Structure formats: structure tokens, C-alpha cells
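Here's the structure, in C-alpha cells; my notes come after.
The values are calculated or read from the model by the stated rules, or taken from the named source; none is laboratory data. What you see is a predicted model, and the numbers here were worked out from it, not measured in a lab. We place every Cβ from the backbone using ideal geometry, glycine too, and count neighbours over all the protein chains shown.
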Amino acid sequence: MVYAAGDDPLCYPGTTVLRNKLNIEDQAKLEEFELPLFLTRAAEEVPTGNLDYEHYKVVHHHLFQDIYEWAGEVRTIRIGKGGNWFCYPEYIDQEMRRIFEGMAEADYFRGLAIEDFAGEVAHVLAEINAVHPFREGNGRTQLTFLAMLMESAGFLFNADVLERERVLNAMIESFAGDEAPLARLITDIASHRGDSTPSSRPATRK
């Protein structure tokens, strides 16, 4: 699904293709080359930090540093998707600080049973998704942060559960106000026991 945006200085003139370090001006080709670069970084150790807003931006930079000069930087234009507009850029910092300060006050939901943890984190992810702080890579950063939160709280993160359509639908539902599908997804991620080794490297593209 293509993002709607105003005049975007991050795009090549006359296109909706984001300027990138690969200097690729075709969207399909950019996606083809972007994915392996992202997966390489996603397979590495995520930079350590305090699970705060600054740490969240560092994670985005880590994942997309090989593709975009602005990796880790908050967007400066208004964007929307599927007929819905995300948080206006002038309010992004205050909203993200509010969300992360709330998590810190709740000790990042450590000590909760999985169902309670999933409900709390689903709400957090729904709020971060509504803010959509970055021009690209928001979904993948959210999933990476989810893995970090689950590890911090002592839960398993099994990426085998991350079916692309289920993840996207859960996020869309949460944007519309129904966080239950997202909470169920988080519970399933922690509860799943497959034959493969549990992974903390989500790779669902968004």
C-alpha cells in the first residue's frame, strides 16, 4: 500500500520513491535491494539502551542505516495510509515521549502474566503505530521493539508466528480501535512452540 504525502523532499523529484543510498529510483527495485540489507541488520544484535524514545530511534537507525541517510530521524511531513492520517510531525516528539514515559512508569510491564502483558503492549504498539514517527520502516521497528520488550519481560519471542497478513490486519484493527487481534498475536508469539529455534529477529516487511 502506497503512502500519501505532501511534497516530500525525501523523494526523488516527480516520484514517490524515497531517496536512498543505493540511488535507486524505481520502487519495486528499491524494495528488492532493501530487504536483504534490512534482514542483515535485523539478524545482528540490536543496540543496547534503556527502552526509551531515544533507544527506539537508535533501533530504527540500526535497521535502516544502509538504505536511508535519515535512518533514526523523525519524519517532518504529514503522511497517511489507507485514507487515514498519522500523527502530524509537529506533535510526534511529545506523543512518543508520553508513550515511552508511560512504559517506564509501568516498568515495561515486567512481572505480568502473558495475557496482561499482551494487552498492555498491544495498546502501546497501537499508539506508536498511530504516531508513525518515521518516514519508512515503522512496522519493522515496532516488531523489533516488541521482541525487545518481550525479552525484557522474560517472554519467548517466536518469529514463526509472524505471518505478514495477520500482522498487518492486527495493526489496521488496532488503528481503528480494536486492539484484541494484536493482543492475541502477542500472546501467540510468546506461547508458540514449533520445531524451529525461537527467534528474536522479526522479518515481516512493512
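Brief remarks follow.
- For region 110-161, a residue qualifies if it is at pLDDT below 95 and of a type in the set (S, T, N, Q), and exactly one does: N158.
- With respect to the conditions (1) out of contact with any Asp or Glu (no Cβ under 8 Å at 6 or more places or on another chain); (2) closer than 24 Å to A176 by Cβ; (3) in contact (Cβ under 8 Å) with a residue 24 or more places away in the chain; (4) assigned to a helix (DSSP H, G or I), E34 lacks only one, and its number is (2).
- Count - residues of region 49-89 that are at positive phi, over 15 Å from the mean Cα position of the chain (by Cα) and touching a residue at least 24 places away in the same chain (Cβ under 8 Å): 1
- Some residue of region 48-66 being modelled with pLDDT of 95 or more, of a type in the set (A, V, I, L, M), touching a helix residue (DSSP H, G or I) at 6+ places or on another chain (Cβ under 6 Å) and over 28 Å from A176 (Cβ atoms): no
Each row is one residue, and each column tells you yes or no for (1) assigned to a helix (DSSP H, G or I); (2) touching a strand residue (DSSP E or B) at 6+ places or on another chain (Cβ under 9 Å); (3) more than 26 Å from I186 (Cα to Cα).
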position: Y68; (1), (2), (3): no, yes, yes
position: E73; (1), (2), (3): no, no, yes
position: G80; (1), (2), (3): no, yes, no
position: E95; (1), (2), (3): yes, no, no
position: G102; (1), (2), (3): yes, no, no
position: G111; (1), (2), (3): no, no, no
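- Residue among G137, G49, G72 that is surrounded by fewer than 17 Cβ atoms within 10 Å (Cβ to Cβ) and either out of contact with any Pro (no Cβ under 8 Å at 6 or more places or on another chain) or among the β-branched types (V, I, T) (or both): G49
Residue-by-condition table, conditions (1) surrounded by 15 or more Cβ atoms within 10 Å (Cβ to Cβ); (2) of a type outside the set (S, T, N, Q); (3) under 26 Å from E179 (Cα atoms); (4) in contact with a Phe, Trp or Tyr (Cβ under 6 Å, 6 or more places away or on another chain):
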site	(1), (2), (3), (4)
N23	no, no, no, no
K29	no, yes, no, no
E45	no, yes, no, no
M96	yes, yes, yes, yes
F100	yes, yes, yes, yes
M103	yes, yes, yes, no
